[in-house]
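Right, one structure below, let's go through it.
The values are calculated or read from the model by the stated rules, or taken from the named source; none is laboratory data. What you are looking at is a predicted structure, and each value in this text was computed from that prediction instead of being measured. Here the Cβ positions follow ideal geometry from the backbone for every residue, glycine too, while neighbour counts run over all protein chains shown.
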Amino acid sequence: MSTMKVISYNVNGIRSAMSKGLVEYLAEQNADVVCFQELKALPEQIDEEPLKALGYQCYWFSAERKGYSGVGILTKATPTHVEYGCGHAMYDFEGRVIRCDFVAAIDGVVALRFGARWGHTSLARAEVAV
């Protein structure tokens, strides 16, 4: 059985993290999959070239509001499917759920809001199940 190295990282702003050594850190870690939370950027604002130079494919799901939340997945393996959002429009505008399916595994990022009420119990159960 082969293994995948997966890193999950709350970057609190991906552009800032990239300017502070994120790309070098990723090069050292050599992870197969990297899951990001709190991108705080739209996909067109993210410089993918240094990430692609490390062999990553990039998948982003940003909030509609500029500079707010957002999740992403970098992967060296091509996913069989990428799912953007959880299917609830009233939550998807915050860009908190992205999922990549692989042949032997499913990897996802869910940015849960603690300390705030979602007001929708089934969403919380769906997020935990991802």
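Any residue that is more than 25 Å from ASP92 (Cα to Cα) and more than 15 Å from the chain's Cα centre (by Cα) - is there at least one of those in segment 33-51? Within segment 33-51, one or more residues are more than 25 Å from ASP92 (Cα to Cα) and more than 15 Å from the chain's Cα centre (by Cα). Taking each residue of segment 8-25 that is closer than 17 Å to ALA63 by Cβ and looking for partners that are polar (S, T, N, Q) and part of a strand (DSSP E or B) with beta-carbon atoms closer than 6 Å, six or more apart or interchain, yields ASN10/GLN37.
Can you tell me which residue is nearest to THR78 (Cα to Cα) among those in segment 23-40 that are out of contact with any strand residue (DSSP E or B) (no Cβ under 8 Å at 6 or more places or on another chain) and not β-branched (Val, Ile, Thr)? Only one residue fits best here, namely ASN30. Only residues that are surrounded by fewer than 19 Cβ atoms within 10 Å (Cβ to Cβ) and assigned to a loop (DSSP other than H, G, I, E, B) were counted in segment 54-72, giving 7.
Just give me the residues in segment 13-47 being of a type in the set (S, T, N, Q) and under 22 Å from PHE102 (Cβ atoms), in sequence order.
GLN29, ASN30, GLN37
In this structure, SER69 qualifies as among the small types (Gly, Ala, Ser) and at pLDDT 90 or above.
Each residue in segment 6-28 was checked for being under 15 Å from the mean Cα position of the chain (by Cα), of a type in the set (Lys, Arg) and not in a helix (DSSP H, G or I), and 0 pass. In summary, ALA77 fulfils each of the numbered conditions (1) small (Gly, Ala, Ser); (2) buried (at least 20 other Cβ atoms within 10 Å of the Cβ); (3) in a loop (DSSP other than H, G, I, E, B) with the single exception of condition (2).
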